[in-house]
Amino acid sequence: MSRAQFDLVMCLKQPGTTIGKVCERCDGRCPGCDSLVNSKKMARICDDCSFGNFADRCIICGGKGFTEAYYCSECVRTEKDRDGCPKVTSLGSSRVDMFYEKKKKGQ
Ligand SMILES: [Zn+2]
Ligand SMILES: [Zn+2]
Ligand SMILES: [Zn+2]
């Protein structure tokens, strides 16, 4: 089962210093490609995803945060880890996020 079928999009904003969390169910799963092997590098999330309602939430499914999220070696090799914040956001809120992001940059 892949989450690709659910039309989920990733946040992809500039990552901050906070390490993303995954829940017990997603422990060991790569936030870039869902691989369960070769955990390689801690996944950093953006500032917007590291506090408020999203703090300590699983970046893949939104469940209760359990442990740090890691990219697999394949995603590090292809530099997918540099795409930005890997937290999954719903399609509905991505526009709003982009709006706020623009506003912030304008300051
Ligand atoms: Zn991966
Ligand atoms: Zn984010
Ligand atoms: Zn999860």
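The values are calculated or read from the model by the stated rules, or taken from the named source; none is laboratory data. Everything numeric here is computed off the predicted structure, so don't read it as measured data. As a convention, Cβ positions derive from the backbone with ideal geometry for all residues, glycine included, and neighbour counts pool all protein chains shown. These accessible areas exclude ligands, DNA and RNA; they are computed on the full protein's heavy atoms, side chains included. Shrake-Rupley method; radii C 1.70, N 1.55, O 1.52, S 1.80 Å.
Taking other residues whose beta carbon is less than 15 angstrom from the beta carbon of ALA55, and scoring Lys, Arg as +1 and Asp, Glu as -1, yields +1.
Counting only protein heavy atoms and using a 1.4 Å probe, what share of the accessible area of segment 1-86 belongs to carbon plus sulfur, as a whole percent? Working shown, then result.
Working: 2510 of 5300 Å².
Here it works out to 47 percent.
Return the loop-located GluC sites (Glu not before Pro) in segment 1-81 (DSSP other than H, G, I, E, B) with at most 13 other Cβ atoms within 10 Å of their own Cβ; answer none if there are none. If you can, show how the numbers build up before the last one.
Working: sites: GLU24, GLU68, GLU74, GLU79; in loops: GLU24, GLU79.
For GluC sites (Glu not before Pro) across segment 1-81 that sit outside H, G, I, E and B with at most 13 neighbouring Cβ atoms in 10 Å, the list reads GLU24, GLU79.
Taking Cβ atoms as reference points and 12 Å as the exclusive limit, the residues near ASP81 contribute a net charge of +3, counting Lys and Arg as +1 and Asp and Glu as -1.
For chymotrypsin sites (Phe, Trp or Tyr not before Pro), the sites in segment 23-84 that DSSP calls loop and that have at most 11 other Cβ atoms within 10 Å are PHE51.
Give me the 1.4 Å probe accessible area per residue for segment 35-83, excluding ligands and nucleic acids, in Å².
Working: 3160 Å² over 49 residues.
For segment 35-83, the per-residue accessible area is 64 Å².
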